[in-house]
Amino acid sequence: MKNWDVIVIGAGSAGLPLAIKAAERGAKVLQLEADYRIGGTLHWSSGQISAAGTRLQRSVGIDDSPDEHFRDAQRIAKDSIDPIVLRTFVDHAAGLIDWLMDIGFQPAPGTPVAGEAHEAYSTRRYLWGTRQAISILEVLRPVHEKWVKSGGIELRLQHRMTELLTDARGAVIGVKASTPNGEVEFRGKNVVLASGGYAANSELWAKHTPKAPLCSYTNPYSRGDGLTAAVTLDARIDRGDYFLNTFAGYHEDATDPTSGRFLLLSPGARKVWEIFVDRRGRRFMQEDHPSIDYRERALFSQPGTAMHIVMDEGILQNAAPLTLEDAAAYRARFGRHPAFIKARTIDELARKLEVPVGNLRKSIAQYNRAVDTEHDREHGKQFLIRRIEKAPFYAIKAQGITVVSPAGLAVDKQLRVLNRAGKPIKNLYAAGEVLGFGRTSGNAYVGGLSLTPALTFGKLLGEKLLSW
Ligand SMILES: Cc1cc2nc3c(=O)[nH]c(=O)nc-3n(C[C@H](O)[C@H](O)[C@H](O)COP(=O)(O)OP(=O)(O)OC[C@H]3O[C@@H](n4cnc5c(N)ncnc54)[C@H](O)[C@@H]3O)c2cc1C
């Protein structure tokens, strides 16, 4: 049986640069990918990345450093990022972006910026391509393809790693995979788990992040296989409680927690005409607060991260849709989809939402007074354009949504997977979301701190950390 130098599990954000860089150093690389195509979450991701000290920054006169990136990320995350992992990341992130640009990546006009989608950095180090993460995949693909064609990388699609193989001393010596030809074993000197997160696996979610109900929009292959395999070797999995939801979404299919869909609630992109009430029918936040962190945390503090978005016929007819659909399709959802409620009266709406009638009436009456006086004494909402008074009345049952998963494998600064005693498991490495979003971004959304560490750590392992 062939003994590979490196077996890479996954051909996504971390796995692609890893395989390329290891092949460039002459390694015999086997890459197993469960999907029928390469790219992983790059097919889904917004592709927003960040680094300090890049050539791009210097070319537009931005003076930045890894130390600044470290401080700024911990400021936004309130010191909740794993400092060892963050240090390794910020020290190598600029090299990643310089390399992506060397192989053809073109930043979107106007980038880098300080902030967009998440709390702003203190300087302009946040960028993306014009086609979300596809812009990154499209520059990695030809380089990867070249190595696959020349035999430097042996790529096996539809090969799902199911087990890590060890010798008598517990050192990893290979993997077992389920393939179109049945179960197959592969032997290697190094095994790298680059198999992504677990936001598509509701059982693992309930196990690692039990306090926040799952509503995810993610790659269906993010099933947490890396965690499931590593735990059998006593690997330490932690940070499942380092979670913050994104603001906000709903379940397209009420029976499937991974069928999350986003609602367009950013006040920068669309005026917020509606009010938000809690499960008791009371307003609980400033609906159009400019800080995304404020909005995410306000929702996260609600039981079940749940809220109801309340409006009337006047708002439904005049405001832009809250889904990505056109106005007709959006309006047609109400009364038909279980999360989109329609009622003839406020009292009926309250009953359908199972909130106390008196509370909902009071919330709407107070809000209407705020509209009349142009001053929202209770919550400070700024956009007070229209009373909620014209039947029918509507609500969307919304909740916190996620694209990432917080728990992950503990690693040292060489990205060796650690066991529960804090000792490296011999020959086993990990990169990407399998480390946990809670490790790379803490319990906050720091711009680019899931995708950029995945790419950076993949590159770093292939380029330097692995030996054979
Ligand atoms: C909608 C969306 C938007 C996002 N936007 C951003 C953003 O703007 N910025 C940011 O920083 N982060 C963002 N993220 C998160 C970021 O994209 C991911 O965390 C990152 O791409 C994960 O990289 P990865 O290499 O760990 O996993 P992936 O890219 O998912 O790669 C893992 C690969 O492993 C394969 N695999 C899984 N199990 C096995 C197995 N058992 N055997 C073999 N192969 C297996 C998968 O099929 C996949 O191809 C976003 C995520 C989503 C879903």
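The values are calculated or read from the model by the stated rules, or taken from the named source; none is laboratory data. These figures come from a predicted structure and were not determined experimentally. Note: ideal-geometry Cβ built from the backbone for every residue, glycine included; neighbour counts use all protein chains shown.
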*Which condition number in (1) touching a residue at least 60 places away in the same chain (Cβ under 8 Å); (2) farther than 30 Å from P267 by Cβ; (3) surrounded by fewer than 18 Cβ atoms within 10 Å (Cβ to Cβ) is the one that L137 fails?*
(3)
_A395, sole failed condition from (1) crowded, with 24+ Cβ neighbours inside 10 Å; (2) away from the ligand (no atom under 14 Å from the Cβ); (3) within 25 Å of L42 (Cβ to Cβ)_ = (3)
*Name the helices (runs of 4 or more DSSP H) wholly within the stretch 305-404 that hold at least 2 residues that are among the β-branched types (V, I, T) and closer than 30 Å to Y242 by Cβ?*
none
*asked:* Could you check the stretch 244-278 and list, in sequence order, the residues that are in a loop (DSSP other than H, G, I, E, B), over 17 Å from G380 (Cβ atoms) and touching an Asp or Glu at 6+ places or on another chain (Cβ under 8 Å)?
replied: L244, N245, S259
*asked:* Kindly evaluate T228 against the criterion of being polar (S, T, N, Q) and in the same structural domain as G197 (by TED's automatic domain parsing).
replied: yes
*Residue satisfying all of: in the stretch 443-468; in a loop (DSSP other than H, G, I, E, B) and away from the ligand (no atom under 13 Å from the Cβ); farthest from the chain's Cα centre (by Cα) among these*: W468
*Give me the pairs, please: first residue somewhere in the stretch 411-436 and in contact (Cβ under 8 Å) with a residue 12 or more places away in the chain and within 16 Å of G458 (Cβ to Cβ), second residue anywhere and in a strand (DSSP E or B) and hydroxyl-bearing (S, T, Y), beta-carbon distance under 8 Å, and either six or more positions apart or on two chains.*
V411/Y429; Q414/Y429; L415/Y429; R416/Y429; V417/Y429
_Yes or no: the stretch 421-429 includes at least one residue that is within 22 Å of the chain's Cα centre (by Cα) and within 16 Å of the ligand (Cβ to nearest atom)._
yes
*Going through the stretch 1-50 one residue at a time, which ones are assigned to a loop (DSSP other than H, G, I, E, B) and in contact with a strand residue (DSSP E or B) (Cβ under 6 Å, 6 or more places away or on another chain)?*
M1, A11, A27, K28, A34, S45, S46, G47
*asked:* Taking the condition of being under 19 Å from A133 (Cα atoms) and not in a loop (DSSP other than H, G, I, E, B), how many residues in the stretch 185-231 meet it?
replied: 1
